[in-house]
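Please treat every number below as a calculation from the coordinates, not as lab data. Just so we're clear, the structure is a prediction, and the values are computed from it rather than from any experiment. Glycine gets a Cβ as well: all are built from the backbone with ideal geometry, and neighbour counts include every protein chain shown.
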Amino acid sequence: MNQLIECVPNFSEGVDLNIIKQITNEIESIEGVKLLNVDPGKATNRTVVTFVGTPQVVIEAAFRGIKKAGELIDMSKHKGEHPRMGATDVCPLIPIAGISMEDTAKYAQQLAKRVGEELKIPVYLYEEAQTDKKRSNLSVIRAGEYEGFFKKIKLTEWKPDFGPQQFDEKRGATVIGARDFLVAYNVNLNTTSTRRANSVAFDVREAGRVLREGNPVTGKIITNADGTPKSIAGTLKSVKAIGWYIEEYGVCQISMNLTNINITPLHIAFDEVCKKANERGLRVTGSELVGLVPLKSLLDAGKYFLKKQQRSTGVSEKELIKIAVKSMGLDELSPFKAEERVIEYLLKNTSDSKLVSMNLRAFADETASESPAPGGGSIAAYIGSLGVSLATMVANLSSHKKGWDERWEEFSEWAEKGQKIKDELLRLVDADTAAFNKIMTALALPKANEEEKRIRMDAIQSATKFAIEIPFKVMEKSYESLELIKAMAEHGNPNSVSDAGVGALCVRSAVMGAFMNVRINANGFEDKVFVNNIINKGKIIEGKTIAAEAAILKIVNEKIQ
């Protein structure tokens, strides 16, 4: 697996799109970098840019972006709602795949050293890249902001990690580090009072609020024995939050950084802000995401809100995202486009889902064309997905059936299982065609000499093994769905029992069709031990499928006589 890291620099310009474009052009000029998202904010006068790639290309792209931002942005003239201290205010690196946090931190240190030495910009390390934990917190480093750093930087304890110990009036200072995936999330309130918004922020953020005598705002700070301020923690772990007024929207927001979404997920943060706002006589009207979000965050949110309604969570990915967006009002301030905000969607190779992205007519036309792919293997996978989809539909109908309210969780669990099998079979539709194309590519390799012949034969054998394994997976996943289909035939909504029957017929065809592809591809594979093993397993699955289909049809026919 290639090492993959994400970089999310925050540039102190959110109004002049020409400046933002010049910066992102520099980032995109590095081959191998994929720009995922550019999210400018006028009120904050700040743009969050997200790009990914292998470590070395990401570092080079980040360096060029920081350099260009320093040339174009004049911090002495900058105004904005968000805390800031430099043209490139913060530049975190985030491990995505195939790389540890420790190694990511080393790359952040390399980038910081280069920015400090070559660009002569004061640089501070933060989070996992900072070895001195007294100054690893971004808010602690940035305290005093741009205006206060002319004096702060001269203090011995605030000497930059790299670069000159002199504040750059035009470019400011930059904070570079390594951290886990962070979700920047703002919740909108029906108030223009920053003080009231901050009260809610202090209620929920992990750091909480400083305790005071009498008046909670102006009262004397209560201290511990060592003289440090006493504080009471907020209700949400791994959450940083402040309240601010956004002139562009005419309302206040609770601006949050969710630093560990496994501890405090998006939907829990939203609901807790709603609760605390309500206690203070305020109302949440919606929310917005800044930058990107992992797919799981939205899917978990969709399931969370469906469960609160006692409705089945076994619905499609698209439907779960829709529920999440509407429940949290993510589209209140601007349209929410999942294809532009979900990191997995942006990283997805569209060629991996060419067939399943087609409409029904286009898919049929492609199958009927003179091209040999998609062939029987892809069709078997698709028939299997339709079979399990019918059973999943029965589960969802049963979950919502009048008079069966106490059984909604039972059917919801079945529907979730069905969705997972359906999604895997849909993936295998394109995977089977990819397997065929892999064989054709191997066959086309040159064979002019013995070395080329050896390389070509090895490629053919590798591709053939892949072409055996894919339809075998279709067999396994299709057979797995028969448990769900039988349960729906026996216990599901009786008005939909025929749908379960049709599902069983589809799955039988999927298993038998996929097995034909396993056997025909196995003819060209030299490892006969592997071939015999997988053929024997296939025969067992085929036999069990035929028996299960017969049992399901018996149940169905008895109910519809």
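Here the residues Lys220, Lys159, ranked from fewest to most Cβ neighbours within 10 Å of their Cβ, fall in the order Lys220, Lys159.
For the chain, give the share of DSSP beta bridges that are antiparallel, in percent and rounded to the nearest 5; count only bridges with both residues there.
Counting only bridges with both partners in the chain, antiparallel ones make up about 80 percent.
For the listed residue pairs Lys308/Lys486; Lys113/Lys159; Lys296/Lys417; Lys296/Lys401, the alpha carbons are over 18 angstrom apart in Lys308/Lys486; Lys296/Lys401. Placing a label point 7 Å from the Cα of Ser231 along the Cα-to-Cβ direction, the residues of segment 194-211 whose backbone N falls under 16 Å of that point are 198-211. Placing unit charges on each Cβ (+1 for Lys and Arg, -1 for Asp and Glu) gives segment 132-281 a dipole about its Cα centre, and among Ala225, Gly172, Tyr249 the Cα reaching farthest toward its positive end belongs to Ala225.
Across the alpha-carbon atoms of segment 254-405, the computed radius of gyration and Dmax are 19.7, 68 angstrom.
Label-to-label distance, Phe530 versus Ala362, with points set 7 angstrom from Cα along the beta-carbon direction: 3.5 nm.
Between Ser100 and Lys354, 0.36 nm times their residue separation minus their Cα-Cα distance comes to what?
Extra length available between Ser100 and Lys354 comes to 88.2 nm.
For segment 210-250, chymotrypsin sites (Phe, Trp or Tyr not before Pro) are listed when DSSP marks them as loop and at most 13 other Cβ atoms sit within 10 Å of their Cβ; the list is empty.
Ordered by the count of other Cβ atoms within 10 Å of each Cβ, fewest first, Ser509, Ser462, Ser399 give Ser462, Ser509, Ser399. With neighbours defined as other Cβ atoms within 10 Å of a residue's Cβ, the residues Arg195, Arg135 order from fewest to most as Arg195, Arg135.
Other residues within the sphere of radius under 14 Å centred on the Cβ of Asn2, judged by their own Cβ, net out at -1 (K and R +1, D and E -1). With one equal scatterer per alpha carbon and no solvent term, the Debye-computed log10 I(q)/I(0) for segment 4-178 at 0.15, 0.17 1/Å reads -0.76, -0.99.
Give me the net charge of Ile261's neighbourhood, meaning all other residues with Cβ under 12 Å from the Cβ of Ile261; Lys, Arg count +1, Asp, Glu -1. Walk me through the numbers before you get to the answer.
On the way: positive: Lys237, Lys296; negative: Asp180, Asp300.
For residues surrounding Ile261, the net value is 0.
Shape index of segment 128-260: Rg/Rh, with Rg the Cα radius of gyration and Rh the Kirkwood radius from the inverse mean 1/r over Cα pairs, equals 1.00.
Fully extending the segment from Asp405 to Thr285, taken as 0.36 nm per residue of separation minus the present Cα-Cα distance, adds 40.1 nm. What is segment 4-178's relative contact order, in percent, from Cα pairs under 8 angstrom and six or more apart in sequence? Computed value for segment 4-178: 26 percent relative contact order.
In a DSSP loop and with at most 11 other Cβ atoms within 10 Å, the trypsin sites (Lys or Arg not before Pro) in segment 17-93 are Lys79.
Here, P(r) means the percent of Cα pairs in each 10 Å bin from 0 to the largest distance; for segment 183-347 it is 10, 36, 33, 14, 6, 1. Applying 1/(1 + (r/R0)^6) with r as the Cβ-Cβ distance of Lys539 and Glu28 and R0 = 45 angstrom yields a FRET efficiency of 0.25.
Ellipticity at 222 nm from helices only: DSSP H runs of n ≥ 4 in the chain, each -39500 (n - 2.57), divided by the residue count, give -17500 deg cm²/dmol.
Sparsely packed loop sites in segment 411-468 (the trypsin sites (Lys or Arg not before Pro) outside DSSP H, G, I, E and B with at most 14 other Cβ atoms within 10 Å) comprise Lys447. Near Thr104, once Lys and Arg are set to +1 and Asp and Glu to -1 for all other residues with Cβ below 13 Å from its Cβ, the sum equals -4.
Among the listed values (1) 24.0, 83; (2) 30.9, 101; (3) 28.8, 90, the one matching Rg and Dmax of the Cα atoms in Å as calculated from this structure is (3).
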